[in-house]
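First comes the structure, then the notes that go with it.
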Amino acid sequence: MTGKDIYDLAIELLGYKNADGSDNADCEDYLNRSVGLINILLAETLWLDRLLRQDKSASPVYISSVGDTVRCNGRLARGVLPFGLAAMLAMEEDIQLYDRLHKRYTDEINRTKEEVAGIRHDICDCYPYHG
């Protein structure tokens with residue numbers, strides 16, 4: 001999934017698509033801002049990406065253009081990041097829309113986190129009894 005794919009989903013969430021599927025003319029600024037905003041979201045959700053991949057050492061791979069592939073878990077890219085991007089794009093335009101989208105973004109983070117299966121570890125006796 002590319003940055004443009006995430007952007008397209010965010011623009012659809014905002015209702016800024018024309019009937020033919022193209023962006024409104026005033027969305028060009030949103031496209032230009034989306035690279036930086038996606039990188040912020042990638043940093044913000046790195047902990048969740050590590051959890052989904054079960055790889056504590058995974059580091060974020062940032063994008064430099066909207067055509068770059070976003071290297072994170074697919075569930076995160078499709079189900080979480082578009083809501084975060086849409087919220088960030090709407091922040092200055094419509095605070096109520098921002099609030100609704102940001103709540104959905106945090107709800108999706110929590111829902112995704114809850115879907116991750118736990119990992120069992122043996123209990124280690126770190127403080128032996130000296131009786």
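The values are calculated or read from the model by the stated rules, or taken from the named source; none is laboratory data. If you're wondering where the values come from, they're calculated on a predicted model, not measured in any experiment. As a convention, Cβ positions derive from the backbone with ideal geometry for all residues, glycine included, and neighbour counts pool all protein chains shown. With ligands, DNA and RNA removed, areas are computed over all heavy atoms of the protein, side chains included. Shrake-Rupley method; radii C 1.70, N 1.55, O 1.52, S 1.80 Å.
Between Glu44, Glu108, which is open to solvent by 30 Å² or more (accessible area, probe 1.4 Å) and among the charged types (D, E, K, R)?
Glu44
Quickly run through segment 48-59 and pick out the residues that are surrounded by 15 or more Cβ atoms within 10 Å (Cβ to Cβ) and either in contact with a strand residue (DSSP E or B) (Cβ under 7 Å, 6 or more places away or on another chain) or free of Cβ contacts under 8 Å to residues at least 60 places away in the same chain (or both).
If the condition is that a residue be surrounded by 15 or more Cβ atoms within 10 Å (Cβ to Cβ) and either in contact with a strand residue (DSSP E or B) (Cβ under 7 Å, 6 or more places away or on another chain) or free of Cβ contacts under 8 Å to residues at least 60 places away in the same chain (or both), then Asp49, Arg50, Ala58 are the ones that fit.
I need the helices (runs of 4 or more DSSP H) fully contained in segment 36-131, keeping only those with at least 2 residues that are more than 23 Å from Tyr7 (Cβ to Cβ).
46-53, 95-115
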